[in-house]
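The values are calculated or read from the model by the stated rules, or taken from the named source; none is laboratory data. No experiment lies behind these values; they were computed from the predicted model shown. Cβ: placed from backbone, ideal geometry, glycine included. Neighbour counts: every protein chain shown. Just the protein is used for accessible areas: all its heavy atoms, side chains included, with ligands, DNA and RNA removed. Shrake-Rupley method; radii C 1.70, N 1.55, O 1.52, S 1.80 Å.
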Amino acid sequence: MPVKYVFVTGGVVSGLGKGITAASLGRLLKARGYHVTMQKFDPYINIDPGTMNPVQHGEVFVTEDGVETDLDLGHYERFIDENLTKNSNVTTGKVYWTVLTKERRGDFGGGTVQVIPHITDEIKSRFHRSGEQTASGVSDCLHSDDMEIAIIEVGGTVGDIESQPFLEAIRQFQHDVGHENAILIHVTLVPYLKVSEELKTKPTQASVKDLQGMGIQPDIIVCRSELPLDDGIRSKIAQFCNVPKNHVLQNLDVEVLYELPLVMEQEHLAEVACESLRIPCPQPDLSEWSSMIESWKHPQKQVTVALVGKYISLHDAYISVVEALKHGGVANHASVSIRWVDSEEVNDGNAAEIFDGVNGILVPGGFGSRGIEGKISAIRWARTHGIPFLGLCLGMQMAIVEFARDVVGYSDAHTAELDPDTGHPVIHLMPDQNGVEDIGGTLRLGSYPCVLDKNSRAYALYGQETIHERHRHRYEVNNDYRQALTENGMKLSGISPDGRIVEMIELPEHPWFVATQAHPEFKSRPNRPHPLFAGFIEAALKNQDK
Ligand code: GLN
């Protein structure tokens, strides 16, 4: 299938919502029948964000095929409703790693290895390719379902030293395949100056000049601004930046994130993109998406759930969990308010006060000991007070520790991750993790199957016996304790098909207490809310009614 490319760069400042803009275009093109895929090229030197601190970098998103990626890939998947792959997130680290491995093997035959052409060639080789990719001749395509569009975002801001090889690769690539097959959208800031009461275009002009200085001419300029752009501003940007006036688009703040595709449709984003790519622009089918936004904007109820974590100073550290909770709300015609609870602040003495007015408690994934006893106290409060509880990964592990301590009676029970000398390691290292020394990329990652007990809440929610969820962990339930847990009333509701790994648990005696070793939040989509999150919010609403 022929592929057309849309590169997306950012100007002036970071944090402009470039990823969301790119993802919105993806949704708009998909609504027109095009096959859409997305990639993110991150200029930092880490191989992947897997080892980066979530407070600095936000959540680590995991793909089906088990790669730790930038959180923007989560937005991409949620907007375009397609699973991405290991090729979807490329970093400078990965590019250099490959080139240096080839150099050590002697692949360059004695040549000097340089940024141009070796690094730029490696970058270009990672731009999405379809099976029968032929960039030339794609303009003949008449049916959108015969064509694939790859939207490729470059992380960081134009002008950063580390993004230069990526921009150079784009320049060369446009030259190789023809500009009409590889266009560029520049997302930039048009700030409003209160004192002079005007929108300023100079920063945008300057960042477009940076691009032009590298031999790149943007095709479309998307301006983030607090106020609408008037005709004069659009003309000015068009004139200074060398683009037609109807290619200068505004991108205002939206109430609901997922509304952006609809707002950008009003701005004709997809139309000007198709025009630049010289492909047809059929009428989009956005009916399902629009009705989803409608019910999102007019909830019939409201419910509050607590999210108990240690990275709460940066809400982006839990972005997929937050989005999945909101999707679960939409499934129940409810809006979900999140009470952010710092796990370091919680203890058995103050739980009543901290969780007052909360109808559900969620403990997400995590690593390390900080705030761990607070998570256990939060779980204890949920278990003993009949408050709906959803535990994800570390959240499930801690639910088992809490249960082993308080119900089974092993007061020193713990996970071997945080207390290697505990007398009751109810959570321990998986056998395949023994002896693993590198911390990067060595977790159990990606999609794994799980078989559900037909007589479980999980089965009722998923509606099927074998499910697949994405994982990112090193520790698992210690099978020596299965009997003690079940004899005391815990149901091991989901087990790996080979019987080795406990994947899900629940407490049948509790109104709604479900936990999973996986990260179901990665698979929730606004138009297809995840059953566990929908079930959790439904239970929280019931708790509220009581
Ligand atoms: N730290 C735990 C483990 O490695 C849980 C990981 C997680 O929550 N993602 O098993």
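For this structure, a couple of remarks:
- The number of residues in region 159-209 that are surrounded by fewer than 15 Cβ atoms within 10 Å (Cβ to Cβ) and in contact with a strand residue (DSSP E or B) (Cβ under 6 Å, 6 or more places away or on another chain) comes to 1.
- Some residue of region 388-397 being of a type in the set (Gly, Ala, Ser) and in contact (Cβ under 8 Å) with a residue 12 or more places away in the chain: yes
- The set of residues from region 263-297 being open to solvent by less than 40 Å² (accessible area, probe 1.4 Å) and aromatic (Phe, Trp, Tyr) comprises just one member, Trp289.
- Boolean, Val55 is open to solvent by 20 Å² or more (accessible area, probe 1.4 Å), assigned to a loop (DSSP other than H, G, I, E, B) and of a type in the set (A, V, I, L, M, F, W, C): no
- Region 410-427, residues that are among the hydrophobic types (A, V, I, L, M, F, W, C) and part of a loop (DSSP other than H, G, I, E, B): Ala413, Ala416, Leu418
- When each of Gly374, Gly360, Gly366, Gly328 is tested for being in contact with a strand residue (DSSP E or B) (Cβ under 6 Å, 6 or more places away or on another chain) and either open to solvent by less than 50 Å² (accessible area, probe 1.4 Å) or within 16 Å of the ligand (Cβ to nearest atom) (or both), the lone residue that passes is Gly360.
- Counting only strands (runs of 3 or more DSSP E) that sit completely within region 468-544, those holding 2 or more residues that are closer than 21 Å to Pro388 by Cα, open to solvent by less than 10 Å² (accessible area, probe 1.4 Å) and in contact (Cβ under 8 Å) with a residue 40 or more places away in the chain correspond to 491-495, 502-506, 513-516.
- Residue list for region 157-198, filter: β-branched (Val, Ile, Thr) and either within 28 Å of Pro117 (Cβ to Cβ) or without any contact (Cβ under 8 Å) to a residue 12 or more places away in the chain (or both): Thr157, Val158, Ile161, Ile170, Val177, Ile183, Ile185, Val195
- Only one of Arg457, Arg470 that is away from the ligand (no atom under 14 Å from the Cβ) and of a type in the set (D, E, K, R): Arg457
- Count of region 205-241 residues, restricted to those that are more than 17 Å from Val154 (Cβ to Cβ) and of a type outside the set (A, V, I, L, M), is 15.
- All told, Val407 falls short of being open to solvent by less than 60 Å² (accessible area, probe 1.4 Å), within 14 Å of the ligand (Cβ to nearest atom), more than 24 Å from the chain's Cα centre (by Cα) and farther than 16 Å from Pro497 by Cβ.
- Residue within region 411-427 that is within 16 Å of the ligand (Cβ to nearest atom), crowded, with 22+ Cβ neighbours inside 10 Å and free of Cβ contacts under 8 Å to residues at least 40 places away in the same chain present: yes
- Each residue in region 389-400 was checked for being farther than 16 Å from Ser411 by Cβ and in a helix (DSSP H, G or I), and 5 pass.
- If you go through region 252-262 and keep only what is modelled with pLDDT under 95 and either of a type in the set (A, V, I, L, M) or open to solvent by less than 40 Å² (accessible area, probe 1.4 Å) (or both), you end up with Leu252, Val254, Val256, Leu257.
- Pairing residues of region 361-385 that are within 22 Å of Glu323 (Cα to Cα) with residues that are more than 13 Å from the ligand (Cβ to nearest atom) and at pLDDT below 95, at Cβ distances under 6 Å and at least 6 apart in sequence or on separate chains, gives no pairs at all.
- Filter result for Val90 (part of a helix (DSSP H, G or I), modelled with pLDDT of 95 or more and open to solvent by less than 50 Å² (accessible area, probe 1.4 Å)): no
- Complete set of residues in region 439-454 that are part of a loop (DSSP other than H, G, I, E, B) and either at positive phi or within 16 Å of the ligand (Cβ to nearest atom) (or both): Ile439, Gly440, Gly441, Thr442, Leu443
- Test: Asn83 is within 21 Å of Arg470 (Cβ to Cβ), of a type in the set (S, T, N, Q) and part of a helix (DSSP H, G or I): no
- Some residue of region 187-195 being within 30 Å of His327 (Cβ to Cβ) and of a type outside the set (Phe, Trp, Tyr): yes
- No other residue among Ser320, Ser313, Ser343 is surrounded by fewer than 21 Cβ atoms within 10 Å (Cβ to Cβ) and of a type outside the set (Phe, Trp, Tyr) apart from Ser313.
- Filter result for Asn46 (open to solvent by 20 Å² or more (accessible area, probe 1.4 Å), within 27 Å of His471 (Cα to Cα) and under 12 Å from the mean Cα position of the chain (by Cα)): no
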